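Structure record follows, encoded as structure tokens.
The values are calculated or read from the model by the stated rules, or taken from the named source; none is laboratory data. This structure is a prediction, so every number in the text was calculated from the model and none was measured. In this analysis, Cβ positions are derived from the backbone assuming ideal geometry, glycine residues included, and neighbour counts consider all displayed protein chains.
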């Protein structure tokens, strides 16, 4: 039987129940001990986007049973000549090899083309759907560009004495530097400094991925934070300022209000001129302390790093993160992918 594909536009749509059932099946396979996904936390993953980032969500059923979902989103600056879209497809184990992934991908590629994307990236998981995922990427002409590691840390197992030492070390290794912390969007008097510090992410290792990282300005940051807030995503931020008051580094950690046992460690970056002062360790330790004080039930931290980023991986490993899942980035021009679709 051919899969039935439906559009999902908002958390209140009936198709959200299909997506949630698929997410629960995926969770049981990928992360069986996690706090169950909720409509709110899944909707945040789908729809908590700034206004200049577009997305499309589709669900798939077979004979009325939830079989999969597909999610596409745009990631490039609006004025960038090259526009990169991303596709994520999840298919339940019992419905694999029934054409679900291809049916979803065909339509999502068409959506990204309609949104003006010129290239598309996807991340098959080595431990779950490596063979099928790689075959799907090959079908659309996508080639392997980068290795990505998903790492996890059990909060109770993190050495708090070590974290306290990383914080205390700032008095000697980062003398004169100042730490600012808050939950939510940057306060107005720190907005420009935060945006400048976030620009440290523009030199992350990309290997063969064709993408131009960019930093949002103050208006874009406010827009992004409004999307987080409306979706129930709590954001914990730490910013380091230099002795002269210049932005030096930043980090961010996300917790959804429905699933506070799981935290997502987001970007951590230090500007080139301020590296060598152990600011990354200070930022991560201090930000974790703030988040765990706000959420005593926070049990698991998850983060993603390129395999070619030994500097951040070293900090994460020392902190207590261990490899959890492995992904590979596959990418192709959208014109190549469109040529392989059955329907757009």
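Of note:
- Test: residue in the range 100-117 that is in a strand (DSSP E or B), outside the structural domain of residue 262 (by TED's automatic domain parsing) and either more than 23 Å from the chain's Cα centre (by Cα) or modelled with pLDDT of 95 or more (or both): no
- Odd one out for residue 37 among (1) out of contact with any helix residue (DSSP H, G or I) (no Cβ under 7 Å at 6 or more places or on another chain); (2) assigned to a loop (DSSP other than H, G, I, E, B); (3) at pLDDT 95 or above: (1)
Listed here are the residues, each with its yes/no results for (1) assigned to a helix (DSSP H, G or I); (2) touching a residue at least 24 places away in the same chain (Cβ under 8 Å); (3) under 22 Å from the mean Cα position of the chain (by Cα).
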residue: 145; (1), (2), (3): no, yes, yes
residue: 180; (1), (2), (3): no, yes, no
residue: 196; (1), (2), (3): yes, yes, yes
residue: 201; (1), (2), (3): yes, yes, yes
residue: 224; (1), (2), (3): yes, yes, yes
residue: 240; (1), (2), (3): no, yes, no
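- Residue 311, sole failed condition from (1) surrounded by fewer than 20 Cβ atoms within 10 Å (Cβ to Cβ); (2) modelled with pLDDT of 95 or more: (2)
- Some residue of the range 57-66 being within 29 Å of residue 210 (Cβ to Cβ), in a strand (DSSP E or B) and under 20 Å from the mean Cα position of the chain (by Cα): yes
- The single condition from (1) assigned to a helix (DSSP H, G or I); (2) surrounded by fewer than 22 Cβ atoms within 10 Å (Cβ to Cβ) that residue 341 fails is (1).
- Every residue from the range 197-209 that is touching a strand residue (DSSP E or B) at 6+ places or on another chain (Cβ under 7 Å) and under 20 Å from residue 52 (Cβ atoms): 198, 201
- Single residue of 33, 64 found to be surrounded by fewer than 16 Cβ atoms within 10 Å (Cβ to Cβ) and closer than 20 Å to residue 150 by Cα: 33
- Filter pass, residue 45 being free of Cβ contacts under 8 Å to residues at least 60 places away in the same chain and surrounded by fewer than 22 Cβ atoms within 10 Å (Cβ to Cβ): yes
- Applying the condition of being out of contact with any strand residue (DSSP E or B) (no Cβ under 7 Å at 6 or more places or on another chain) and surrounded by 18 or more Cβ atoms within 10 Å (Cβ to Cβ) to the range 110-127 and asking which residue is nearest to residue 75 (Cα to Cα) yields 113.
- Residue selected from the range 147-163 under the condition outside any strand (DSSP E or B) and in contact (Cβ under 8 Å) with a residue 24 or more places away in the chain, by the criterion nearest to the chain's Cα centre (by Cα): 155
- Being in contact with a strand residue (DSSP E or B) (Cβ under 8 Å, 6 or more places away or on another chain) and outside any helix (DSSP H, G or I) is a property that does not hold for residue 175.
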